[in-house]
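These notes are about the structure you will find just below.
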Amino acid sequence: MTIPSELNALIERLDQELNIIEREATEGLNRARLKLGLYPDNTVLIQIFATLNNYVLFGEIVRRRSDYSRLILATDTVTNEQIQEIGEDLSELLGRVLEGKIIVNRAKNQLENWE
């Protein structure tokens, strides 16, 4: 079956946002590693590092779920009910991804403003 255009657009948006999270989190992790070298016992830096690591993992998990949804949608046996459920799931994931993007951005900004 052809993936409905609305769901295809949703999947593409998820991919774009996940790419941003991955890029921002990786940049933040690199900065955090440098700062942790100078301040290895700083609990705030450790927390920022852990948060950024968690969002890299979160991005990988969401990407797998998105890929799996694509596979289901591409089958000939997908039902309208499955399409509805996948759309709801992907929409909910997009909301969580956008929240994650904000958190990653805040963590990265904290690192940039670190004295």
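Looking only at residues in region 103-115 that are open to solvent by 90 Å² or more (accessible area, probe 1.4 Å) and assigned to a helix (DSSP H, G or I), which one is farthest from residue 66 (Cα to Cα)? Here the residue is 110. Residue check: residue 41 meets all listed conditions (1) within 16 Å of residue 7 (Cβ to Cβ); (2) open to solvent by 80 Å² or more (accessible area, probe 1.4 Å); (3) acidic (Asp, Glu) but one, namely (1). Can you tell me which residues in region 1-21 are of a type in the set (S, T, N, Q) and either within 11 Å of residue 70 (Cα to Cα) or open to solvent by less than 90 Å² (accessible area, probe 1.4 Å) (or both)? Result: 2, 5, 8, 19. Within region 1-22, residues that are farther than 26 Å from residue 57 by Cβ and at pLDDT below 95 have Cβ atoms under 7 Å from residues that are among the β-branched types (Val, Ile, Thr) and in a helix (DSSP H, G or I) in these pairs: 4/83, counting only partners at least 6 apart in sequence or on another chain.
All conditions in (1) modelled with pLDDT of 95 or more; (2) surrounded by fewer than 16 Cβ atoms within 10 Å (Cβ to Cβ); (3) under 19 Å from the mean Cα position of the chain (by Cα) hold for residue 33, with the sole exception of (3).
Based on this model, can you work out whether residue 3 counts as in a loop (DSSP other than H, G, I, E, B) and in contact with a helix residue (DSSP H, G or I) (Cβ under 6 Å, 6 or more places away or on another chain)?
Yes, satisfied.
Candidates are the residues of region 44-89 that are assigned to a helix (DSSP H, G or I), open to solvent by 50 Å² or more (accessible area, probe 1.4 Å) and of a type in the set (S, T, N, Q); the one that is nearest to residue 30 (Cα to Cα) is 53.
Quick one: is residue 99 open to solvent by 70 Å² or more (accessible area, probe 1.4 Å), modelled with pLDDT of 95 or more and part of a helix (DSSP H, G or I)? Yes; evaluated as a whole, the condition is true for this residue.
The values are calculated or read from the model by the stated rules, or taken from the named source; none is laboratory data. Since this is a predicted model, take the numbers as computed values, not measurements. For neighbour counting, all protein chains shown are included, and Cβ atoms are generated from backbone atoms with ideal geometry for every residue, glycine included. Note: areas computed on protein heavy atoms with side chains; ligands, DNA, RNA excluded. Shrake-Rupley method; radii C 1.70, N 1.55, O 1.52, S 1.80 Å.
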